[in-house]
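What follows is a short report on a single structure.
The values are calculated or read from the model by the stated rules, or taken from the named source; none is laboratory data. Since we're looking at a predicted model, the values are computed, not measured. Cβ atoms come from the backbone with ideal geometry, glycine included; neighbour counts cover every protein chain shown. To get the accessible areas, we keep the full protein, side chains included, count just its heavy atoms, and leave off ligands, DNA and RNA. Shrake-Rupley method; radii C 1.70, N 1.55, O 1.52, S 1.80 Å.
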Amino acid sequence: MGKRPAVKFRRRAPAILVFSSILVILSLTAIANFLTMRMLESSKAANFKLMRDVLASILKSTEDKALSRAEVVEAIPAVHNAFLAKDRAKLLSETEAMFKEQDEKYGLQSAQFHLAPGISFLRLHKPEAFGDDQTSYRPMLVDVNTTHAVRKGVAITKSGPQVYGIVPITDDAGKHVGSFEMGLELEPMLNKIKEAYNIEATAFIDEKMLTDIATDLKGDIMSPKNRVGRYIRFHATHPEVAAALVADKDVEIVEPSSYERTFAGTSWGVQLVPMYNYAGKQIGVYALAQNLADANASANRARVWQMLAALFGIVFLSGMLLVVLRGLLIAPLAALNEKYAALANGDASQPADPTDTYVEELQALAENYEKLRAEKSRS
Amino acid sequence: MKRRRSSGARTLAAVVVMMVFGLAMVFFPMKTRAVGKEGAAKGFGKAAASASHSSSASASAAASLSAAPIAPPPPAPASASAAGSAEAPTIPTGKGLPVVVGVGVFFLELKSFDDTKGEFECTTDLRFRWQDLRLAYPASEAYRGYKELRGKDAEELLAKMWVPNVEVVNRLESGSYVGRRLRIFPDGRVETITRQTAKYKTSVDAKRFPFDRQYLVLDLLVREDTTDEVVLQFDKNDVAFSRVAKIATLDGWKPGLVDLDGDIIPGWNGDRYSRVTASLFIDRQASTGLAPIFIPLVASLLIPLLAIWMNKATEDGFEVEAFELANMGIGGLFSVIALSFAIYTSYGVIAGGDNTVTRLFGLNYATLALSLAIVVMLFRYNLMQRWFGRYVHEQVFKWIAWAMPVLTLGTSIAFLMVAAA
């Protein structure tokens, strides 16, 4: 059995200690980095939730507005009586000015009286068109005329996608005779999100539904430049940002999803939320985008400082280990060793360094060396 | 004797190195901060003409304006013209109050941006839209869907009708040319576009220099009329209109997006005034600051390191005399002072506050101070040898020789990475 080679303490010991120190510091830095990332992710998740909550809140608020206005108008005696009398001309004269004012000021896009179970009696936004049966594509309308209860929600009609509030109308005997609805545009609702929360908001609507149902839709909405997958970008508070952040594949969702994307040097957090109609059928997608540049920059800065702190830690700890091990132990021991070797070979001319050069543990060794050297010199 | 000659040669080398650094820092060609555009090829006419190639409606409008007759005298502000007429036009109440005025800003040309002064000059199309039912007319009278007036005709009509009193509050001075176009639609909708080259004040934040983003802001504020009478707003048409021309460039900067932001300014006795800011962000091209600023800054960090590297530990202490290395450090100190003077003179924007450059200067001074402390304590008084013996003294010197450059370089990189984050 051969002799095992001796471990070189002067090389191995500092290397092991320095390596261990580096490992510990890097591990701590990695953990700190991980925690920073977790905090960032948590912050972003909270941001995405806030975006969803904002949308839900403003959508509900818009639905409530549509419903309350419909209830107020329907409750006006002159309007109510004109509808019961089926006097279309009188009904129009009673409501025309109101509708125009509401349209211009508050984005009221449509208002319509229906006879049960869903026959258009008067469209205030298009008085010349009436008499059509809407039961085939207006489940909310059918529901109101069936259950005789108020309903609200998003729906696509001939005028396009709107937020509706529908109230049932009953005669003096309590018999259900029809309904009245008010439809608010999506645009003011999305603009409000932008104004109040600085969140860019976009509404994508199913192109086929728009083509089939929203036949009265005006403008150049149905153009190729607005086509995103199977949807049409119906309204965007910032069309350029919306076009860059939401692509064909992104918009194909069936449940809320979020992601990050960089545009024009800015990182954006995008939250997509499916848009459902009253019947629970997905008719589009809401896209909300918020600038995340500040959050990301803060996290990146924190990471850089952590790495710099780790570098300082490694350098100082390594330095201390090397200075203590080599300066106090290994180098003096090596020097003494050389002197012992010379003495063993009969050379007693090399004195040890002054005693205070050595640490206490080596001082005895140096003193013994001096004794041996003195004896050798005498002999 | 031999050692003396060697020390003399080192001193001479150190002096030569410092002189080279000093001369380079003082005479380094500093780029002027006023980014100017030269050449008539990028002038207003061409910019307008090029804008006409843009597919959007607003760009077409801008292009058509370039061909519009130029009104020689600059017109008075809208409010002044209104006030000056015999019968002061009253605010339109046909649609109730407040009157909603849509705002859009198109940046046609970016002429200059002086980040030292916080001023920029650009040509913009400022669009206001509102509705005045008193101006409605039969649709049959407008074969294009609207009536359009330009130049003098537009000014004359604008003087007779109500226009919102909107002031660009951060405008410093404007050029002599002001082009104005007025469109009136049959339903009383009014649209004015004013093309104007002007100089504006903007705040500059150089914290992330040279990776900073600045904002060229037009601060639009309604004067006299509170939010009960007039409010500024923007819809998707205004957002689509508000952008920078694709042909617009700015030396050393990359133009980005235009953002509109609405706000309310409080006034006396609870009054509130409507405000909209249109801000175009521009990103600095980081490479422009590399040669004149960061190379000398990082190079000057080598001076204190050289003062360490040029020495060598011996049994008796150190090879080079401490005073020679101290001279080097003092020379380095003057070099850094000269460099800071040169940079801060040329780049006033980074002279104050906390930014990458001031941090790197701080690092320079800290490294110099540290090297001088090492020279005095280690090289001059041999404190390590006196306290712990020659072996510790040797090891401490070896450690300092690699630790200082590693930490200095690491810190410099960290400063740059923090700015770029």
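Odds and ends about this structure:
- Residue in region B:229-246 that is surrounded by fewer than 17 Cβ atoms within 10 Å (Cβ to Cβ), in contact (Cβ under 8 Å) with a residue 24 or more places away in the chain, more than 18 Å from A:Glu195 (Cβ to Cβ) and under 24 Å from the mean Cα position of the chain (by Cα) present: yes
- Residue within region B:213-225 that is buried (at least 20 other Cβ atoms within 10 Å of the Cβ), modelled with pLDDT under 95 and not in a strand (DSSP E or B) present: yes
Residue-by-condition table, conditions (1) in contact (Cβ under 8 Å) with a residue 60 or more places away in the chain; (2) away from chain B (no Cβ under 12 Å); (3) closer than 26 Å to B:Phe241 by Cα:
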site	(1), (2), (3)
A:Ile232	no, yes, yes
A:Ala244	no, no, yes
A:Val270	no, yes, yes
A:Gln290	yes, yes, yes
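- When A:Ser179, A:Ser136 are screened for being over 24 Å from A:Glu252 (Cβ atoms) and either in contact with a Ser or Thr (Cβ under 6 Å, 6 or more places away or on another chain) or surrounded by fewer than 20 Cβ atoms within 10 Å (Cβ to Cβ) (or both), only A:Ser136 passes.
- Selection from region A:340-362 of residues that are surrounded by 16 or more Cβ atoms within 10 Å (Cβ to Cβ), assigned to a helix (DSSP H, G or I) and within 14 Å of another protein chain (Cβ to nearest Cβ): A:Thr357, A:Leu362
- Residue-level check: of (1) surrounded by fewer than 18 Cβ atoms within 10 Å (Cβ to Cβ); (2) under 30 Å from B:Asp283 (Cβ atoms); (3) of a type in the set (A, V, I, L, M, F, W, C); (4) within 14 Å of chain B (Cβ to nearest Cβ), A:Ala201 misses just (1).
- Residues of region A:246-268 classified as in contact (Cβ under 8 Å) with a residue 24 or more places away in the chain and open to solvent by 40 Å² or more (accessible area, probe 1.4 Å), total: 4
- Some residue of region A:92-115 being assigned to a loop (DSSP other than H, G, I, E, B) and open to solvent by less than 60 Å² (accessible area, probe 1.4 Å): yes
- Options B:Met404, B:Met384: the member that is in contact with a His (Cβ under 9 Å, 6 or more places away or on another chain), in a helix (DSSP H, G or I) and within 24 Å of A:Val315 (Cβ to Cβ): B:Met384
- B:Gly256 open to solvent by 10 Å² or more (accessible area, probe 1.4 Å), at pLDDT below 95 and either farther than 18 Å from B:Leu416 by Cβ or part of a helix (DSSP H, G or I) (or both): yes
- When B:Thr90 is tested against (1) at pLDDT 95 or above; (2) farther than 20 Å from B:Leu220 by Cβ, just one condition goes unmet, and that condition is (1).
- Scanning region B:369-397 for residues that are more than 8 Å from chain A (Cβ to nearest Cβ) and not hydrophobic (A, V, I, L, M, F, W, C) gives B:Ser371, B:Arg380, B:Tyr381, B:Asn382, B:Gln385, B:Arg386.
- In the set (1) of a type outside the set (A, V, I, L, M, F, W, C); (2) open to solvent by 60 Å² or more (accessible area, probe 1.4 Å); (3) outside any loop (DSSP other than H, G, I, E, B); (4) more than 9 Å from chain B (Cβ to nearest Cβ), the condition left unmet by A:Arg373 is number (2).
- Among the conditions (1) out of contact with any Lys or Arg (no Cβ under 7 Å at 6 or more places or on another chain); (2) not in a loop (DSSP other than H, G, I, E, B); (3) not β-branched (Val, Ile, Thr), B:Arg144 misses just one, which is (2).
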